[in-house]
Amino acid sequence: MVQISKKTPDQFIHKALDIIRTGFGQPSCFNTDAIIQELLRQGKSLVDARNGGCSGCVETGAFGTESYWLTGYFNLPKVFELTINNGYDTLTQEQVGLKTGYASDYKSFKDLMDAFRHQLRYLVDIKIRGNNIIEKTFANYLPVPFLSLLVEDCIVNGKDYNSGGARYNTTYIQGVGLGSITDMLTSVKYHVYDKKNYTWDEVIKALNCDFDGFEQMQYDMIFSSPKYGNDDDYADQNAVVVFEIFYDAVNGRADSRGGVHRINMLPTTSHVYFGSVLGATPDGRKAHLPLSEGISPFQGVDRQGPTSVIKSASKIDHLRTGGTLLNQKFSPQFFEDEDSYDHLTALIRSYFSLDGHHIQFNVVNAETLKDAQKHPELYRDLIVRVAGYSDYFNDLGEDLQNEIIRRTEHEIV
């Protein structure tokens, strides 16, 4: 990774781009100024905030003074599916959520969002109860004395790192599928509530059939709906609403180590699995396909270029998270333009001026990746950026390979 502040010279970013353009998927770019603000907002001292940074994928922490745990991923689109099915999971055929009503019971979009809020809060409560049980198990049975020697205040407090001995203790829950849930809500708001092109009964019937026989509806949901990632406030406002609901449900809730729960927005590879346990959705997505990753738009729907993507992504409040992940893909031909470094440097700086937390790039074209699927023996050294990490393309599962292929290739004009 590289950390970039307002004072970082362009020459440094250009050196990073020398590596990024090779297609290794590294380094990813982080906003130093945003990271410090995030840590200060969490109550860290200025010195501890300035000594902090990001580790793992994109998660923020005060290095040497904080015990910050990532405790698992939260499937935001699955909450929506439960909301329109009265809390019933059609996959497992179990009642796992609240009985908030069926889709046709929600007479307004506000009714739908109120039910979504209640459903999400209920499931977050379960998640936090589970987190606290696991944390107590670590505290009681899995001490880490060597790590405790290296993290400030554990010795002074006489407590192990896993028992709340660190100066700061944070428990993160990762929200997954922001782009997907945004497009689902936007499509419903647009076609069911505002334009009244379809009724809820028709939509539910189409989802249950995986759009077989409802191809026109699927087309409308994909191509005739506003989409997140295009700087369209009609869609982007739903991303903000979902973000706020998730934030309110998690932030500040006590953990078992004397700290609190906070949110960040990253998937690693869970967006592939989370999609596999989700039926067809009203953004036009077929059943069991991957969800959007990080805070990136759903694969292929961002058609207005990379500047529109960063404007959409910047509408949520990154400074109230512990990290967000934004992926973009550029073709190798993009770098043939002598001004490409200046353009991409300006894109990074623009996003960071809007308090974006992180951005990373895949530099490879879809044709190369498709050929690598057919002839893996010829591409054993092909590395791609997955989520918060890079990996050999051949080592990824087919679903994840296909998801990376579908990510939009951008040009800056």
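Among Tyr392, Tyr198, rank each residue by its count of other Cβ atoms within 10 Å, from fewest to most, as a rough exposure measure.
Values: Tyr392 14, Tyr198 20.
By the 10 Å Cβ count, ascending: Tyr392, Tyr198.
Taking a virtual spin label 7 Å from the Cα of Lys205 along the C-beta vector, which residues in the range 248-291 bring their backbone nitrogen under 11 Å of it?
Nothing falls inside the zone, counting backbone N under 11 Å.
Please arrange Trp69, Trp200 by how many other C-beta atoms lie within 10 Å of their C-beta, fewest to most. Write down the numbers at each step before the final one.
Details: Trp69 22, Trp200 19.
The most exposed by this proxy come first: Trp200, Trp69.
Beta carbons within 10 angstrom, averaged per residue: use that to sort the peptides 296-303, 347-354, highest first.
Values: 296-303: 23.4, 347-354: 19.0.
Going from most to least packed, we get 296-303, 347-354.
Enumerate the lysines that Lys159 could reach by cross-link, defined here as Cα to Cα under 17 Å, with residues fewer than 8 away along the same chain left out.
Lys159 reaches Lys136.
Residues in the range 156-175, backbone N under 19 Å from the label point at Ser45 (7 Å along the Cα-to-beta-carbon vector): list them, ranges by number please.
Correct set: 156-159, 165-170.
With a cut-off of 19 Å, note down the residues of the range 281-303 whose backbone N falls inside the zone around a label point 7 Å from the Cα of Lys195 toward its beta carbon.
Residues 281-286, 298, 301-303 qualify, since their backbone N sits under 19 Å from the label point.
For each of Ile310, Ile204, count neighbouring Cβ atoms within 10 Å of the residue's Cβ, then give the residues from fewest to most.
Values: Ile310 22, Ile204 16.
With the fewest neighbours first, Ile310, Ile204 line up as Ile204, Ile310.
How big, on average over all directions, is the shadow cast by the Cα convex hull of the chain, in nm²?
Working: hull surface 83.2 nm².
Convex hull of Cα atoms, orientation-averaged projection: 20.8 nm².
7 Å from Cα along Cα→Cβ at both Asp212 and Lys136: what's the point-to-point distance in nm?
In this crude label model, Asp212 to Lys136 measures out at 4.8 nm.
Need the list of aspartates and glutamates near Lys227 for cross-linking: C-alpha distance under 14 angstrom, and skip anything on the same chain fewer than eight residues off.
Output for Lys227: Asp183, Asp236, Asp283, Asp302.
Could you work out Rg/(2.2 N^0.38 Å) for the range 313-413, with Rg from alpha carbons only? List each step's numbers first, then the result.
Numbers: Rg = 15.1 Å, N = 101, 2.2 N^0.38 = 12.7 Å.
Taking the Cα Rg and dividing by 2.2 N^0.38 Å, one obtains 1.19.
Would you mind calculating the gained length between Val96 and Ile155 on full extension (0.36 nm times residue separation, minus the Cα-Cα distance), in nm to one decimal?
Values: separation 59, 0.36 × 59 = 21.24 nm, distance 4.31 nm.
Working it through step by step, the gained length comes to 16.9 nm.
Near Lys195, which aspartates and glutamates are there with a Cα under 13 Å away, not counting those fewer than 8 places off in the same chain?
List returned: Asp220.
State the Kirkwood hydrodynamic radius of the range 99-166 in Å, one decimal place, computed from all pairs of distinct Cα atoms.
Working: mean 1/r = 0.0669 Å⁻¹.
By the Kirkwood definition, the hydrodynamic radius is 15.0 Å.
Return the subset of Lys110/Lys205; Lys6/Lys189; Lys127/Lys329; Lys99/Lys127; Lys205/Lys315; Lys286/Lys370 for which the Cα-Cα distance in this structure is over 28 Å, preserving the input order.
On the way: Lys110/Lys205 22 Å; Lys6/Lys189 39 Å; Lys127/Lys329 33 Å; Lys99/Lys127 18 Å; Lys205/Lys315 34 Å; Lys286/Lys370 21 Å.
Result: Lys6/Lys189; Lys127/Lys329; Lys205/Lys315 exceed 28 Å.
Can you tell me the dipole magnitude for the chain around its Cα centre, using point charges on the Cβ only (Lys, Arg +1; Asp, Glu -1), in Debye to the nearest 20? Numbers along the way, then the final one.
Working: 40 positive and 54 negative charges, 242 e Å.
Roughly 1160 debye, rounded to the nearest 20.
Please compute P(r) over all alpha-carbon pairs of the range 1-128, binned at 10 Å starting from zero, and give each bin as a whole-number percent.
11, 26, 20, 22, 19, 3
Which one, Ala249, Ala103, Pro77, is farthest towards the positive end of the dipole of the chain when Lys and Arg carry +1 and Asp and Glu -1 on their Cβ?
Most positive-ward Cα: Ala249.
Bear in mind that the values in this text are calculations on the coordinates, not laboratory data. Remember, predicted model here, so these are calculated numbers, not experimental data. Neighbour counts run over all protein chains shown; Cβ positions are idealised from the backbone, glycine included.
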